[in-house]
Amino acid sequence: MPDLKKDVKYVKGVGPNRVILLNKLGIYTLQDLITYYPRTYEDRSKPKTLLECQDGEDCLIEVTATSKIIETRFSRKTMQKLMIRDQTTAAEAIWFNQTYLKTKIEMGKKYRMYGKIKRKLNKIQITSPVFDEIGSTKNTGRIIPIYPLTYNLTQNTLRKIMENAMIEVYGKLEETLPEYLLKIYKLQNINEAIKHIHFPEELKDFKIAKNRLVFEELLITQLALLSLKNKEMLETKGIKFNNQHKIQEITEKFPFKLTNAQTRVLKEIEKDMESEKVMNRLLQGDVGSGKTAVAMCAAYKAVKNGYQAAIMAPTAILATQHKENFDKTLQEQGIKSELLISGITKKKKEEILQKLKQGEIDILIGTHAIIEDNVEFKNLGLVVTDEQHRFGVRQRNKIAKKGQNPDILVMSATPIPRTLALILYGDLDISIIDELPPNRKKIETYAVTKKMQERVDNFIKAQLTQGRQAYIVCPLVEEGEEAGLKSVIELAEKYQTQILPEYKIAYLHGKMRPKEKDEIMLKFKKHEIDVLISTTVIEVGVDVPNANIMVIEDAQRFGLAQLHQLRGRVGRGEYQSYCVLKYEGNSETIRKRMKVMSDTNDGFIISEKDLELRGSGDFFGTMQHGLPEFKIANLFEDMKILKQVQQIAKIIIEEDAKLEQKQNEKLKTIVNQKLSLLGTGTL
């Protein structure tokens with residue numbers, strides 16, 4: 001049996017230089033290498049004649065070289081041209097800066113070439129083709145895997161390394177799935193699946209292999225999450241909060257009426273809190289749907305039962321905002337809140353930690369600072385994490401250990417389709433606030449091309465004249481990171497000197513120190529800044545009711561879910577708000593995505609569309625959800641398999657909660673591997 005844990009540098013063809021490049025791709029062991037799957041394939045197995053090839057099509061052709069390589073020099077580059085023909089017509093092959101080709105291609109010899117065809121009038125051209133002499137299948141004559149790469153690592157190099165790895169492991173890999181699952185669901189064995197996912201002989205081979213590997217990946221993730229949930233329920237006795245203090249007591253003090261969705265969710269939370277089981281609930285709600293009010297109600301109930309509550313936010317400014325909102329309502333009820341963020345003085349921090357330990361603080365609101373080891377509660381009963389995708393399962397567990405099995409409420413303003421929420425948060429119960437408060441105005445959204453720049457600037461000016469404020473978001477920080485994209489600093493300078501010189505402009509980006517970012521956001525909130533030019537760091541941010549314009553540069557570069565999050569920064573006050581999406585490109589996907597944003601403000605519809613148009617890999621790197629990234633599953637394309645494995649996982653856990661039956665031994669091994677990656681112990 002091959003040693004899958006051995007260092008990848010010992011695989012033939014790797015060596016000391018290439019091992020560094022492979023490490024950059026997250027490949028450290030032989031196992032990492034064979035599970036580094038292709039992102040797509042090129043079918044270079046079926047040749048076409050030159051006359052059959054269409055303009056813009058990638059084709060495999062079999063041709064004879066009818067000239068020598070002719071090299072032309074330009075100022076900084078060279079062009080290599082070769083005349084070729086097959087039985088139907090003549091054409092030319094073109095390369096750039098490939099001087100070595102003069103020694104590789106001989107006139108009169110036959111070659112297979114694969115590349116993009118260009119047809120202009122009666123002329124046919126193939127640009128930068130890969131090629132082999134007839135008889136060789138190094139680059140052509142088969143289905144070729146295309147891998148995600150890093151700088152200085154070529155497809156050919158990685159393919160050769162992968163071929164060497166296959167020689168080492170094929171036929172020797174131990175089966176990871178139980179025999180009964182392979183039989184019932186007609187799944188390919190692991191050796192064939194790994195071979196054919198990398199080097200399929202026919203496209204159907206790849207599909208059969210992918211089906212098996214996706215099934216396994218989704219099943220193991222689902223079993224791991226269900227096991228976690230089951231373990232909590234079976235082994236952990238939670239706090240049973242009494243029913244003398246009802247959540248309704250505090251909701252009656254709110255200056256607004258709760259929506260029906262908020263009321264429904266609060267009933268689910270109260271039921272959890274009054275039961276003996278530990279509450280592990282995900283609260284999903286669109287931007288501005290009123291999740292903070294729900295968290296406040298849960299904290300109220302915990303405190304009135306003699307317990308403390310911890311509210312964890314991803315940024316200091318958001319934590320500060322929560323503290324202000326909590327104090328407005330809860331101070332009158334004699335409930336003491338305190339703020340723990342990195343910016344406070346050492347003396348103040350020591351005072352807070354002392355009071356917290358003695359039980360003189362009822363609700364601690366803060367950032368990651370709350371997770372630190374020196375933070376001790378006297379009697380922690382409720383943990384609320386805001387913007388869950390910023391905190392993984394590990395962090396959730398760490399803060400929960402500061403109490404005796406406290407209830408946990410996880411909040412997310414990133415709407416995720418329910419089927420996906422089940423796999424991303426399979427260890428949590430799910431509540432959804434699916435309506436906005438009645439006073440929320442729809443944010444008018446317009447998608448425009450760069451040609452409309454002047455009109456957009458005039459529109460911003462008109463709103464600023466009325467006393468409003470604006471956000472402008474762009475994707476990058478420094479000039480030169482990517483050609484053609486305006487950096488934050490460069491754009492801020494342009495607005496301050498050329499477009500809006502009479503207004504105060506400031507910029508914000510992720511490379512600034514947290515304290516610096518908070519100071520700028522605070523100035524913006526106080527209207528000491530008129531226009532804030534920023535990267536996506538404002539995606540999770542502070543409420544600025546006076547800001548009513550959001551302009552997003554290069555909107556085509558953002559996912560829909562992220563555009564929706566950014567748009568949610570405006571529309572927080574009484575003024576009609578606007579979002580302007582400036583985009584480049586005319587592809588059908590870009591047009592569809594811009595239309596979705598203009599047509600709807602519903603985050604759940606947007607998340608479904610985002611998934612459909614981009615696939616799950618881009619929808620969210622699952623790492624930020626606290627789960628190991630999926631290596632092969634695409635949660636939209638593989639929805640059918642996902643639904644199937646959710647049912648299978650349920651049945652397996654119901655029949656064998658700890659996977660102790662002999663037939664489930666293999667499952668237990670790989671589920672434990674997954675659980676250890678999540679940092680949650682094993683079964």
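Read the figures in this text as sums done on the coordinates, not as results from a lab. Just so it is clear, the model here is predicted, and its values are computed rather than measured. Positions of Cβ are backbone-derived with ideal geometry, glycine not excepted, and every protein chain shown enters the neighbour counts.
For the reader, a short list of remarks on this structure follows.
- Spatial separation of Cα centroids for segment 187-220 and segment 95-163, in angstrom: 27 Å
- Prolate/oblate/rounded label for segment 126-282 (Cα gyration tensor, a/c 1.5): prolate
- A simple rule links phi to the HN-Hα coupling: the Karplus curve 6.51 cos²θ - 1.76 cosθ + 1.60 with θ = phi - 60°, which for segment 600-610 gives 9, 10, 8, x, 6, 5, 4, 5, 4, 5, 4 Hz, with x for Gly and Pro.
- Taking the centroid of alpha carbons for each part, segment 294-309 and segment 21-77 are 61 Å apart.
- For segment 65-198, averaging the sequence separation of C-alpha pairs within contact (under 8 Å, six or more residues apart) and dividing by the residue count gives a relative contact order of 15 percent.
- In this structure, the amide hydrogen of residue 533, modeled 1.01 Å from its nitrogen in the peptide plane, lies closer than 5 angstrom to those of 472, 506, 507, 508, counting only residues at least 5 positions away or on a different chain.
- Couplings for segment 244-251, taken from phi via the Karplus curve 6.51 cos²θ - 1.76 cosθ + 1.60 with θ = phi - 60°, read 6, 9, 8, 4, 4, 4, 7, 5 Hz in order; Gly and Pro are left as x.
- Across segment 568-574, computed HN-Hα scalar couplings (Karplus, 6.51 cos²θ - 1.76 cosθ + 1.60, θ = phi - 60°) run x, 6, 9, x, 9, x, 7 Hz from first to last residue, x flagging Gly and Pro.
- Cα-based Rg of segment 46-141 normalised by 2.2 N^0.38 Å, two decimals: 1.01
- Cα gyration tensor shape of segment 444-600, rounded if a/c is under 1.5, else prolate or oblate by comparing a/b with b/c: rounded
- Positive contributions from Lys and Arg (+1) and negative ones from Asp and Glu (-1), summed over other residues with Cβ under 9 Å from the Cβ of residue 49, come out at -2.
- Its Cα centre serving as origin, segment 82-189 has a Cβ charge dipole (Lys and Arg +1, Asp and Glu -1) of approximately 680 debye.
- Principal-axis analysis of the Cα atoms of the chain puts helix 203-235 at an angle of about 20° to the longest axis.
- Dipole of the chain [Lys/Arg +1, Asp/Glu -1 at C-beta], most positive-end residue of 558, 225, 166: 166
- Dipole check for the chain: with +1 at the C-beta of Lys and Arg, -1 at the C-beta of Asp and Glu, and the Cα centre as origin, the magnitude is about 1240 Debye.
- Cα-centre dipole for segment 46-141 with unit charges at Cβ (Lys and Arg positive, Asp and Glu negative), debye to 20: 360 debye
- Net charge of the neighbourhood of residue 571, taken over other residues with C-beta under 13 Å away and scored Lys/Arg +1, Asp/Glu -1, is +3.
- Mean separation of Cα pairs under 8 Å and 6 or more residues apart, divided by the residue count, gives segment 46-141 a relative contact order of 29 percent.
- Amide H to amide H distances under 5 Å link residue 384 with 310, 311, 312, 409, where only residues 5 or more positions off or on other chains count and H is placed in the peptide plane.
- Cross-link partners of residue 186 among aspartates and glutamates (Cα-Cα below 15 Å; sequence separation of 8 or more within a chain): 175, 205, 216
- Taking the chain and dividing mean pair separation by its residue count, relative contact order in percent (alpha carbons under 8 Å, at least six apart): 12 percent
- Packing here is the average count of other Cβ atoms within 10 Å per residue, and on that basis the peptides 69-80, 594-605, highest first, run 594-605, 69-80.
- Segment 344-384 and segment 237-287 have Cα centres lying 23 Å from one another.
- The alpha-carbon of residue 77 sits under 18 angstrom from the alpha-carbons of these lysines, leaving out residues fewer than 8 places away in its chain: 102.
- Summarising the amide proton neighbourhood of residue 146: residues at separation of 5 or more, or on other chains, whose placed amide H is nearer than 5 Å comprise 39, 40, 41, 42.
- Cβ crowding within 10 Å averaged over residues, with 220-227, 141-148 ranked highest first: 220-227, 141-148
- Spatially proximal lysines relative to residue 346 (Cα-Cα < 19 Å; intrachain offsets below 8 disregarded): 355, 357, 515
- Listed peptides 257-270, 569-582 by packing density, highest first (mean Cβ within 10 Å): 569-582, 257-270
- Restraint check, 9/210; 523/582; 402/511; 442/592; 9/662; 116/511, Cα-Cα greater than 29 Å: 402/511; 9/662; 116/511
- Most positive-pole-ward Cα, 23, 90, 334, against dipole of the chain from beta carbon charges: 90
- Global geometry of the chain, whether rounded, prolate or oblate, following the gyration tensor of its Cα atoms and the 1.5 cut on a/c: oblate
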